[in-house]
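Have a look at the structure below before the remarks.
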Amino acid sequence: MYILIFEPHKGCRKILLDGKTQKINLGRSLRDGYANIQLSSDFLPDYVGLIIYNEGKFYFRNYGKIKIFVDNKQLDDSSVAVRLVHGSMIKIQHKNNKSICIGCINGEIDNRWRIFNPDEHGFLNVQKDKKEYIIRNVENMIFKGQRITTDCFIPKNGDIFIYKNHIFCCMKDNLFFEVLKVRKVKKNINYNENIIIEGSNQKHHNINPNNLNKNKVKKVNNRKPAIVMKNVTRYDKKKKWYRLKDVNLTIYSGRLVAIMGVSGAGKSTLFDAILKRLKLDSGDIIIDGNELGHVPQFSVLRKGNTVQEVMEFYASKKLKRYSKQERMQKIDYLLDKLNLALFKQSLVGRLSGGQSRRLDIAVQLLNEPKVILMDEPDSGLDVKSCRELYEILSRLVAEKNSTILVITHNTHMACKYPYIDDLLFMASQGRICFYGEKDKALEYFNINDLDDIYNAVENNQDYFVQKYNNLISRRDW
Ligand SMILES: Nc1ncnc2c1ncn2[C@@H]1O[C@H](COP(=O)(O)OP(=O)(O)OP(=O)(O)O)[C@@H](O)[C@H]1O
Ligand SMILES: [Mg+2]
């Protein structure tokens with residue numbers, strides 16, 4: 001679980017609770033023998049409370065010196081620890097209305113809070129009324145650890161709430177939001193569960209408080225390699241040209257990866273290699289699972305069939321073990337998710353560019369492959385459809401822990417929006433310049449804006465290929 005600490009005038013701090021430590025002291029002072037999270041607001045007592053980890057669950061216990069609420073409930077008895085769940089909020093309140101809010105989330109975010117603009121981000125039905133926000137589509141919204149049951153919701157300063165894969169915080173009459181990559185949020189949680197902590201004879205492991213107090217957090221490592229490529233090379237003797245050269249790459253599950261690079265660099269060829277369609281001179285490629293989804297650069301769907309017929313045809317091939325009814329349900333679900341429900345009876349040849357790209361994708365999602373390769377799925381899409389597409393993809397990655405590789409020339413979408421996790425940048429002759437988290441690319445290429453990535457690489461391809469290879473060779477395989 002992560003906790004997000006909002007202290008007045010100090011912004012947001014994100015800390016990973018990795019469960020290795022049983023007791024974490026919260027307060028202005030550090031406690032000997034405990035892991036500590038130091039809060040610095042001057043109205044706080046030295047010791048505020050404890051976060052306890054017990055049998056896979058987190059709890060909060062009050063030290064009883066200051067007013068504290070967990071999910072609306074004021075804590076009065078310091079021997080009772082209250083369960084913290086996804087969406088829980090600890091509110092530490094001072095009488096002058098100063099307060100610290102601590103939100104709890106299962107999942108990962110990357111500390112890039114942006115101001116929520118209702119016109120730009122249409123997924124939340126928000127009205128702003130005299131500085132106050134009123135949110136109408138509150139179904140499935142989580143606030144203080146529970147789903148909201150009213151018709152609308154008016155967030156107050158300091159409130160944190162979660163909607164789909166976004167986490168919001170309301171501060172100074174602005175809504176800030178951050179994309180949350182929820183993984184395996186447990187269902188049917190008993191939100192009111194309490195436990196009694198007996199004495200202090202439980203063993204606790206010490207962890208270095210300095211590590212805990214830093215903004216940087218350790219990564220949750222529930223991922224496994226989805227694609228591993230080792231020394232993959234293919235040389236074209238006739239053209240005297242490498243189609244892929246010394247490709248070393250490990251892509252973990254649960255990542256949405258944008259593959260970029262100049263035309264002819266070898267991006268589609270990389271996919272051919274992963275799909276085992278390219279004969280290699282040397283090297284190995286290991287894929288998690290035996291099914292791969294592939295949306296090719298140019299659609300191969302039959303244009304004379306209707307959307308429904310195409311879906312049924314592929315469902316009969318890919319979902320052999322399912323009943324007809326189950327297949328139909330799945331088809332309806334996917335067409336709905338990809339905004340194609342209205343076009344079921346349309347001929348494929350009559351679809352617009354964007355619609356036919358979405359159909360290509362719907363076909364690939366039928367059997368829910370763990371790894372999906374998409375070659376320019378966004379080509380020809382307008383900005384709105386493009387965003388919708390990436391939103392669908394990022395949700396798929398978060399919900400199913402799948403791995404999606406998207407070749408794209410859409411630098412803006414890949415870099416400016418929160419959907420893409422990692423960038424893979426290719427240089428000519430099938431070489432890799434960079435693979436890693438999107439945000440790390442700035443430092444790597446020494447640029448301030450990811451839009452400048454092509455300029456940075458243009459005359460320095462060899463340098464960055466070398467840099468990548470040096471980095472890779474230092475890692476353990
Ligand atoms: N079947 C083939 N035989 C030989 N060379 C090929 C073949 N297909 C592609 N190439 C060459 O391999 C190189 C990489 O092609 P690839 O299609 O992978 O590029 P790309 O990065 O996907 O480019 P684009 O962005 O234009 O789609 C190019 O120089 C191309 O001419
Ligand atoms: Mg290509």
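Give, rounded to the nearest 20 debye, the magnitude of the charge dipole that segment 225-474 has about its Cα centre when Lys and Arg contribute +1 at Cβ and Asp and Glu contribute -1 at Cβ.
Using Cβ point charges on Lys, Arg, Asp and Glu, segment 225-474 gives about 1100 debye.
If each residue's Cβ is checked for other Cβ atoms within 10 Å, how do Asp272, Asp32 rank with the fewest at the top?
By the 10 Å Cβ count, ascending: Asp32, Asp272.
Once both labels are modelled 7 Å past Cα along the beta-carbon direction, what's the Ala341-Leu30 spacing in nm?
Simple spin-label model gives 5.6 nm for this pair.
Check Asp110: other-chain or 5+ apart residues with amide H under 5 Å from its amide H, H built from backbone geometry?
Here the answer is Val179, since their amide H atoms fall under 5 Å of that of Asp110.
For the chain, what ratio Rg/Rh do Cα atoms give with a Kirkwood hydrodynamic radius?
1.01
Take Arg431, Arg321 and order them by how many other Cβ atoms sit within 10 Å, fewest up front. All intermediate terms of the calculation are to be shown ahead of the outcome.
Numbers: Arg431 23, Arg321 5.
Least crowded to most crowded, the residues run Arg321, Arg431.
Taking the simple approach of a point 7 Å from Cα along Cα-to-Cβ for both Tyr463 and Gln127, what is their distance in nm?
In this crude spin-label approximation the distance works out to 5.6 nm.
Straight-line reach from Lys400: which aspartates and glutamates have Cα under 16 Å away, leaving out those fewer than 8 places along the same chain?
By straight Cα distance, Lys400 reaches Glu108, Asp288, Glu291, Glu368, Glu391, Asp421.
Would you mind checking Lys303/Lys324; Lys57/Lys330; Lys238/Lys416; Lys239/Lys276 for any pair whose Cα atoms are more than 32 angstrom apart?
Lys57/Lys330; Lys238/Lys416
Report the paramagnetic label zone for Lys98: residues of segment 6-25 whose backbone N is under 20 Å from a point 7 Å from Cα along the Cα-to-Cβ axis.
Answer for this model: 6-13.
Farthest toward the dipole's positive end in the chain, which of Asn401, Cys152, Pro369, given Cβ charges of +1 (Lys, Arg) and -1 (Asp, Glu) about the Cα centre?
Pro369
Any chance you could run the full-extension gain for Val262 through Glu291? It's 0.36 nm times the residue separation minus the Cα-Cα distance, nm to one decimal. Provide the component values of the computation, followed by the final result.
Numbers: separation 29, 0.36 × 29 = 10.44 nm, distance 2.88 nm.
Gain on extension, Val262 to Glu291, equals 7.6 nm.
Which whole-number value in Å³ per residue fits the convex hull of the alpha carbons of segment 35-83?
So the per-residue hull volume is 88 Å³.
Per Stokes-Einstein, at 37 °C and 0.692 mPa s, what whole-number D in µm² s⁻¹ belongs to segment 356-477, with the Kirkwood radius over Cα pairs as the hydrodynamic radius?
Estimated diffusion coefficient is 210 µm²/s.
Round to the nearest 0.05 the FRET efficiency obtained for Asn455 and Arg277 when R0 = 30 Å and r is the Cβ-Cβ distance.
Once rounded, the FRET efficiency stands at 0.35.
Below 9 angstrom from the Cβ of Val406, what's the summed charge of the other residues (Lys, Arg +1; Asp, Glu -1)?
Combined, the nearby Lys, Arg, Asp and Glu give -3.
How high is the FRET efficiency from Thr250 to Val300, r the C-beta distance, R0 30 Å, rounded to 0.05?
Working: r = 30 Å, r/R0 = 0.99.
Given R0 = 30 Å and the Cβ-Cβ separation, E is 0.50.
Any read-out appearing in this document is the output of simple, stated calculations on the displayed coordinates, not a laboratory observation. Note that the structure is a prediction, hence the values are computed from the model and not measured. Cβ coordinates were reconstructed from backbone atoms using ideal geometry, including for glycine residues, and neighbour counts include every protein chain displayed.
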